[in-house]
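*Asks:* The structure is given below, and queries will be raised subsequently.
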Amino acid sequence: MKRLIVTCLAVTFSAAVFGQAEDSDKKVNMGLAYQLGLNFMKPGTKRIEKDGAGVQNAFGLNINFNFNENIGFATGLEFDFESYKVAMVPAVGGNYYLYSDSKIIQESDLEDNNENMSKYKLYELTGRKYKTIYATIPTMLMFRTNALGDFRYYGKFGARTSFLVKSTKTDQGNIFNSDATGADIDDMILNPGSYTKTNSEMEGMKTPYGNDVSFIRCALGLAGGAQWNFTGNTMLFAELGFYYGLTPINVEGSGQKKTLFSRDPGSSASLTDGSSDYFGLKTTQMQFCLKIGILF
């Protein structure tokens, strides 16, 4: 009986050592991960301000290349499903854009002739809600401790580079009575009681120059977490990360391609007295993330 117990203990110990050595010697670990994050926008212009926190849900493939016991490289392919909001900073007279059906009019469409404003309707913008999908490739150096029982602890430092797959926006603001056009804007500002204003959301509005969400996004960050080698080469992991955006998320037009403007009506309700100050959106982003996953 004693020999049997000793033999069983020896076999169990050898299997545990072999399993750990097998994990230590493995050069590549691959698996699936889910990431939940909070998005915090940082305005790049005084015309807008952040409006609460957005949400990130990310799914994808994670790959760890282990150069040796303690140093590796983490990458993969993840799909980020995100949302965030921006609010317009109140301006004298309000913030506006002109539109026709689902097309937002840019400054160059007016051809330096304010009379063209009579062709379009007017929308007073107070905020925007965005939903985006990105394909993201993380590229991060990974530093691990030696195995402490079934656990390893690690830190990562590097970049997350994302490519826009799809984006939609919903404008929040006010529309005016149906017979009002852009040519009435100065009268609306000077005599607001003469026009009916209704709170309304505008979905699916398009700009001539394309999307106002940048195609590429790059963030630099760090993360820390733990791996649990619960059987063979299979590991569960969890980590917390912080990522700081290096490139703008929103960039709206340049030159006369801008669509948003504030309006100084001047001393009268005549379009010739007033002036429009066109501006664009610009934001960067910070993210706090929790990632969990399994590696083989």
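*Asks:* Name the residue farthest towards the positive end of the dipole of the chain from the options F230, F242, S178, assuming +1 on Cβ of Lys and Arg, -1 on Cβ of Asp and Glu, about the Cα centre.
*Replies:* F230
*Asks:* For helix 2-25, what angle does its Cα long axis make with the longest principal axis of the chain, in degrees from 0 to 90 and rounded to 10?
*Replies:* Roughly 40 degrees, rounded to the nearest 10.
*Asks:* Hey, can you grab everything whose amide H is under 5 Å from the amide H of V89? Only 5+ residues off in sequence or another chain; H modelled, so Pro and N-termini drop out.
*Replies:* Amide H neighbours of V89, under 5 Å, 5+ apart: I48, E49.
*Asks:* For region 153-273, give the magnitude of the charge dipole about the Cα centre (Cβ charges: +1 Lys/Arg, -1 Asp/Glu; no others), in debye to the nearest 20. Before the final figure, lay out the partial values.
*Replies:* Details: 10 positive and 12 negative charges, 169 e Å.
That gives a dipole near 820 debye.
*Asks:* While we're here: With every atom except the alpha carbons ignored, what do you get for Rg and Dmax of the chain, in angstroms?
*Replies:* 27.6, 105
*Asks:* Arrange the residues C289, C218 by how much accessible surface each exposes, largest first, with a 1.4 angstrom probe.
*Replies:* Numbers: C289 10, C218 35 Å².
Putting C289, C218 in descending order of accessible area: C218, C289.
*Asks:* Just the number please: accessible area per residue for the chain, 1.4 Å probe, all protein chains included, in Å². Working shown, then result.
*Replies:* Working: 14850 Å² over 296 residues.
For the chain, the per-residue accessible area is 50 Å².
*Asks:* When the chain is fully extended, how far beyond the present Cα-Cα distance does A238 get from L61, taking 0.36 nm per residue of separation? Before the final figure, lay out each step's value.
*Replies:* Working: separation 177, 0.36 × 177 = 63.72 nm, distance 1.47 nm.
My answer for the length gained is 62.3 nm.
*Asks:* While we're on this one: Debye calculation, C-alpha points only, no solvent: report log10 I(q)/I(0) for region 157-287 at q = 0.15, 0.17, 0.20, 0.21 Å⁻¹, in the same order as the q values.
*Replies:* With no solvent term, the Cα-only Debye profile gives -0.91, -1.04, -1.21, -1.26.
*Asks:* OK, next. Ignoring ligands, DNA and RNA, how do E78, E49, E69 rank by accessible area with a 1.4 Å probe, largest first? Walk me through the numbers on the way to the answer.
*Replies:* Numbers: E78 5, E49 85, E69 60 Å².
Correct descending sequence by accessible area is E49, E69, E78.
*Asks:* I'd like the carbon and sulfur percentage of the solvent accessible area for region 26-73, probe radius 1.4 Å, heavy atoms only, ligands and nucleic acids excluded. Present the calculation step by step, with values, prior to reporting the outcome.
*Replies:* Numbers: 1720 of 2530 Å².
Of the solvent-accessible surface of region 26-73, carbon and sulfur hold 68 percent.
*Asks:* Please identify the longest segment of the chain free of exposed trypsin sites (Lys or Arg not before Pro), where exposed means a DSSP state other than H, G, I, E or B and no more than 10 other Cβ atoms within 10 Å. Before the final figure, lay out each step's value.
*Replies:* Working: sites that count: K27, K46.
My reading of the result: 47-296 is the longest stretch.
*Asks:* Give the shape of region 180-241 as rounded, prolate or oblate, defined through the alpha-carbon gyration tensor: a ≥ b ≥ c are the square roots of its eigenvalues, a/c under 1.5 means rounded, and otherwise the shape is prolate if a/b is larger than b/c and oblate if not.
*Replies:* Numbers: a/c = 4.43, a/b = 3.48, b/c = 1.27.
Prolate is the answer for region 180-241, as a/c is 1.5 or above and a/b outweighs b/c.
*Asks:* Per Stokes-Einstein, at 25 °C and 0.890 mPa s, what whole-number D in µm² s⁻¹ belongs to region 208-252, with the Kirkwood radius over Cα pairs as the hydrodynamic radius? Mind showing how you got there, number by number?
*Replies:* Working: Rh = 13.7 Å.
It diffuses with D of about 179 µm²/s by this estimate.
*Asks:* Now a separate question. Evaluate region 22-119: find the radius of gyration of its Cα atoms, find its Kirkwood radius, and give the ratio Rg to Rh. Display every interim value, and only then the final one.
*Replies:* On the way: Rg = 23.9 Å, Rh = 18.6 Å.
On the Cα set of region 22-119, Rg over Rh gives 1.28.
*Asks:* Number of Lys pairs in region 17-108 with C-alpha atoms less than 22 angstrom apart, excluding same-chain neighbours closer than eight positions? List each step's numbers first, then the result.
*Replies:* Values: K42/K50; K42/K85; K46/K85; K50/K85; K85/K103.
Taking region 17-108 as the scope, the lysine pair count is 5.
*Asks:* Okay, moving on. What FRET efficiency comes out for the pair I137/F230, r = Cβ-Cβ distance, R0 = 22 Å, nearest 0.05? Kindly include the intermediate steps, with their values, before the conclusion.
*Replies:* Values: r = 28 Å, r/R0 = 1.29.
According to the calculation, E is roughly 0.20.
*Asks:* Please identify the GluC sites (Glu not before Pro) of region 83-154 that satisfy two criteria: DSSP loop assignment and at most 12 other Cβ atoms within 10 Å. Which are they? Numbers along the way, then the final one.
*Replies:* Values: sites: E107, E111, E115, E124; in loops: E111.
In loop regions of region 83-154 (DSSP not H, G, I, E or B), the sparsely surrounded GluC sites (Glu not before Pro) are E111.
*Asks:* Continuing with this model, one more query. So how strong a dipole does the chain carry about its Cα centre when Lys and Arg Cβ are +1 and Asp and Glu Cβ are -1, to the nearest 20 debye?
*Replies:* Values: 29 positive and 30 negative charges, 323 e Å.
So the dipole magnitude of the chain works out to roughly 1560 debye.
*Asks:* Let me ask you something else. Would you work out which of G93, M142, N68 lies farthest towards the positive end of the dipole of region 57-177, given +1 charges on the beta-carbon of Lys and Arg and -1 on that of Asp and Glu, about the Cα centre?
*Replies:* N68
*Asks:* While we're looking at this one, here's another question. Roughly what percent of Cα-Cα pairs across region 95-197 reach past 22 Å?
*Replies:* Details: 2987 of 5253 pairs.
When all Cα pairs of region 95-197 are counted, 57 percent exceed 22 Å.
The values are calculated or read from the model by the stated rules, or taken from the named source; none is laboratory data. Fair warning: this is a prediction, and the values are worked out from it, not measured in the lab. Methodologically, a virtual Cβ is constructed for each residue, glycine included, from the backbone with ideal geometry; neighbour enumeration extends over all protein chains shown. Each accessible area value is taken on the protein alone, full model and side chains, heavy atoms only, with ligands, DNA and RNA left out. Shrake-Rupley method; radii C 1.70, N 1.55, O 1.52, S 1.80 Å.
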